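Working notes, structure below.
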Amino acid sequence: MDQNFQNNLAKAIPIPAIILDPSFRILAANKHAEKLFEAELIGLDFVRVLRQPIALESLAKVMRTRKQATCKLTLNLQTRRTYLASAAPLSGSVGGVEHILFTLQDISAEIKAEKARSTFVANVSHELRSPLTSLIGVVETLKGPARNDEKARERFLELMQDEAERMSRLVEDLLSLSKLEAKEHLPPRDRVNLLKVVQMVVRSLAASKPEYDNRVEIITTETVPMVRGDKDELTEVFQNLIENALKYSTPGTPIIVRISQNSEMQNRITVTIQDIGEGIAPEHIPRLTERFYRVDKGRSRQIGGTGLGMAITKHILNRHRARLTVKSKRGKGTLVSVILMSKPSPTDDNDELS
Ligand SMILES: Nc1ncnc2c1ncn2[C@@H]1O[C@H](COP(=O)(O)OP(=O)(O)OP(=O)(O)O)[C@@H](O)[C@H]1O
Ligand SMILES: [Mg+2]
């Protein structure tokens, strides 16, 4: 195999690729490999480039068996990544292994996705298990000791209703998340009056619990333009953010919702929700939008939360190419800001928004 052919072969491979001779000296390497190892590789001994015994073992195995050998490698180069390394024999005309083609396929994203999937399944099972255990326990009590106790029956039926409703909310939230994931790349095109959405949310929250009545103050100028969005989805966002402010603040304290237009970038509309209360410690803030993440698990569950509200909020806002920020001080309170766009602009899809 001449040098030119080796170079062309390495060049044609879209991932880091190295061609070695039987003594593991590098004969050719593509630009992906040189970028990864930040070195000119041709002429170097493989062992000086990659010191992992498992990689060397796979090369030795190719020489022994004349068959392809693969292994998983975690490399700490520019960043820590995991690769599927493959060493494949390139046979010469007389049959022996003349060269070895060594490639590194970055599988970090697959590993991360697989881990996220299994964590998600474990979380969903866990969240469903507690109401189910409680339901089974109550049914057994109703069939047995409480069979003829009218008062206990009433109480247990109410408990069963609570647990069934909790499971139903969980399933609804999960469905809502999966629908949002499917259409996340399609930005909504309707025009929405944010003030009306926020007013409706505040009214429905006040009607849902007497302690939420008269606590939310909306401050806005009359000239705030319509935003581009999906009315039902934005209702869900502000329902969660305003409800969170009500749930996790000191009872009776005011919640201020401000809707304003950015004076410099006029197509940016900001809604802030401010509460006075326990606040959120800084280490929790980046994790709030993870599914099922709650700062105080017991408390959130007891209030009836699924812990999916912020994950749904983030997905909806991503679809809206909108931005979400959370600022908080322990013991003082929390300020959540949402920045939406008032009208489509040609650069929309390139905007760097979370
Ligand atoms: N304004 C806030 N002040 C203090 N903590 C907050 C605030 N907003 C959110 N949190 C914390 O973030 C967690 C995640 O919020 P999220 O809306 O996802 O879940 P939830 O409100 O517990 O449940 P759900 O939204 O399903 O009813 C909450 O459990 C709470 O610990
Ligand atoms: Mg919530």
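The trypsin sites (Lys or Arg not before Pro) of the range 1-54 that meet both conditions, a loop assignment by DSSP and at most 12 other Cβ atoms within 10 Å of the site Cβ, are R51.
How large, in percent, is the carbon and sulfur part of the accessible surface of the range 109-183 at a probe radius of 1.4 Å? That fraction is 58 percent. Taking the average, over residues, of other Cβ atoms within 10 Å as the packing measure, peptides 252-262, 208-218, 148-158 rank 252-262, 208-218, 148-158 from highest down. By the Stokes-Einstein formula, at 0.692 mPa s and 37 °C, the range 213-259 with its Kirkwood radius over alpha-carbon pairs has D equal to 270 µm²/s.
Straight-distance candidates among the aspartates and glutamates for linking to K332, with alpha-carbon spacing under 13 Å and chain neighbours fewer than 8 residues away dropped: D275, E278.
Compared with the alpha-carbon gap, the fully stretched path from T70 to E57 is longer by 3.7 nm at 0.36 nm per residue.
Electrostatic tally near L73: other residues with Cβ closer than 14 Å to its Cβ, Lys and Arg +1, Asp and Glu -1, net +2. Once both labels are positioned 7 Å from their Cα atoms along Cα-to-Cβ, the gap between A122 and L44 label points is 3.8 nm.
Once the other residues with Cβ under 15 Å from the Cβ of I19 are scored (Lys, Arg +1; Asp, Glu -1), what is the net sum? Walk me through the numbers on the way to the answer.
Working: positive: K11, R25, K31; negative: D2, D21, E34, E40, D45, E98.
That sum, taken over residues with Cβ under 15 Å, equals -3.
Is the shape of the range 3-106 rounded, prolate or oblate, going by the alpha carbon gyration tensor and its root eigenvalues a ≥ b ≥ c, with a/c under 1.5 for rounded and a/b larger than b/c for prolate? It comes out oblate by the Cα gyration axes.
The residues of the chain present an accessible area of 58 Å² per residue when probed at 1.4 Å with all protein chains retained. A simple rule links phi to the HN-Hα coupling: the Karplus curve 6.51 cos²θ - 1.76 cosθ + 1.60 with θ = phi - 60°, which for the range 249-257 gives 10, 5, x, x, 7, x, 10, 9, 10 Hz, with x for Gly and Pro. Per residue, the chain reaches -14500 deg cm²/dmol at 222 nm when only DSSP H runs of four or more residues are counted, each adding -39500 (n - 2.57).
Starting from the Cα gyration tensor of the range 46-185, take the square roots of the eigenvalues, sort them a ≥ b ≥ c, and report rounded, prolate or oblate (rounded when a/c is under 1.5, otherwise prolate if a/b is larger than b/c, else oblate).
The shape class here is prolate.
Shown here are the Rg and Dmax of the Cα trace of the range 109-183, at 17.4, 58 Å. Computed extension gain for K31 through A207, at 0.36 nm per residue and net of the alpha carbon distance, reaches 57.0 nm. Over the C-alpha atoms of the range 132-232, the Rg to Rh ratio, Rh being the Kirkwood estimate, stands at 1.19.
Determine the alpha carbon to alpha carbon distance for each of K115/K329; K72/K179; K179/K314; K31/K61; K179/K327 and list only those over 24 Å. Check vs 24 Å cut-off fails for K115/K329; K72/K179; K31/K61; K179/K327. Legend: helices of the chain (whole DSSP H runs) are marked when their alpha-carbon atoms reach 30 angstrom or more along the helix axis and their mean Kyte-Doolittle hydropathy is at least 0.5; nothing is marked.
Using 1/(1 + (r/R0)^6) with R0 = 30 angstrom and r between the beta carbons of E283 and K179, what's the FRET efficiency to the nearest 0.05?
Working from the Cβ atoms, E equals 0.45.
If you wrap the Cα atoms of the chain in a convex hull and average its projected area over all directions, you get 27.4 nm².
Classify the range 204-354 from the C-alpha gyration tensor, please: rounded if a/c falls under 1.5, else prolate or oblate depending on whether a/b exceeds b/c. Prolate shape, in that a/c is at least 1.5 and a/b is the bigger ratio.
The values are calculated or read from the model by the stated rules, or taken from the named source; none is laboratory data. Computed from a prediction, not measured in an experiment: that's the story for all the values here. When we count neighbours, we look across all protein chains shown, and the Cβ atoms used for this are built from the backbone with ideal geometry, even at glycine. What goes into the accessible areas is simple: the full protein's heavy atoms, side chains included, and nothing from ligands, DNA or RNA. Shrake-Rupley method; radii C 1.70, N 1.55, O 1.52, S 1.80 Å.
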